[in-house]
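The values are calculated or read from the model by the stated rules, or taken from the named source; none is laboratory data. Worth saying up front: this structure is predicted, and the values here are computed from it rather than measured. Because the Cβ atoms are built from the backbone with ideal geometry, glycine has one as well, and the counts that use them run over all protein chains shown. For accessibility, only protein heavy atoms count, side chains too; no ligands or nucleic acids. Shrake-Rupley method; radii C 1.70, N 1.55, O 1.52, S 1.80 Å.
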Amino acid sequence: CSVTTVVLSVTAAQAVRARLEPACRVTGVANPWLLIASHIKPWRACATAAERLDGANGLLLTPHVDLLFDRGFISFETAGTVLVSPRLSAADLARLGLRGLGARGVRPFAGRQTGYLDWHRRWVFLS
């Protein structure tokens with residue numbers, strides 16, 4: 001991990017927070033010390049540096065929600081519907097404090113985020 005990578009990651013996180021994501025979409029936590037700037041389309045899958053640093057390719061999530069998202073156990077529809085993988089049990093969701101997650105929605109996503117979310121649902125989400 002180089003200094004340049006760290007600076008770019010911090011810059012991307014600030015861009016996400018400032019423009020699109022003031023808090024975790026799922027939990028509502030807004031304290032920046034408790035949030036992770038997560039790529040919707042993972043860094044390794046991005047074709048260009050511009051895609052990696054695009055604020056629309058990011059979500060601010062609490063660590064446990066970020067882990068579920070990164071591993072494909074949850075995803076989101078453009079309108080804000082939370083998709084929960086059938087590979088994630090209701091009991092585990094409850095243990096994580098996310099009981100009934102699939103029945104909840106989050107606020108709709110911005111226009112440029114939709115392409116990244118389509119990619120996540122196709123290539124990461126465990127349906």
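Please indicate, with yes or no, whether at least one residue in segment 114-125 is in contact (Cβ under 8 Å) with a residue 12 or more places away in the chain, within 23 Å of Leu34 (Cα to Cα) and among the aromatic types (Phe, Trp, Tyr).
No, every residue in segment 114-125 fails to be in contact (Cβ under 8 Å) with a residue 12 or more places away in the chain, within 23 Å of Leu34 (Cα to Cα) and among the aromatic types (Phe, Trp, Tyr).
Which of the residues spanning segment 79-100 are part of a helix (DSSP H, G or I) and under 28 Å from Gly115 (Cβ atoms)?
Within segment 79-100, just Leu93 meets the criteria.
Would you mind finding the one in Thr78, Thr62 that is crowded, with 18+ Cβ neighbours inside 10 Å and among the hydroxyl-bearing types (Ser, Thr, Tyr)?
Answer to the selection: Thr62.
Does Leu20 qualify as being at pLDDT below 90 and either out of contact with any Asp or Glu (no Cβ under 6 Å at 6 or more places or on another chain) or over 22 Å from Thr114 (Cβ atoms) (or both)?
Yes: the conditions hold for Leu20.
Being crowded, with 21+ Cβ neighbours inside 10 Å and assigned to a helix (DSSP H, G or I): is that true of Phe109 here?
no
Taking the criterion of being surrounded by 14 or more Cβ atoms within 10 Å (Cβ to Cβ), touching a His at 6+ places or on another chain (Cβ under 7 Å) and modelled with pLDDT of 90 or more, would at least one residue in segment 37-53 satisfy it?
Yes: one or more hits.
Any residue in segment 69-91 that is under 21 Å from Ala110 (Cα atoms) sitting within a Cβ distance under 6 Å of a residue that is open to solvent by 10 Å² or more (accessible area, probe 1.4 Å) and among the hydroxyl-bearing types (Ser, Thr, Tyr)? List the pairs, counting only those 6 or more apart or interchain.
That search, which allows pairs on different chains as well, returns Thr78/Thr114.
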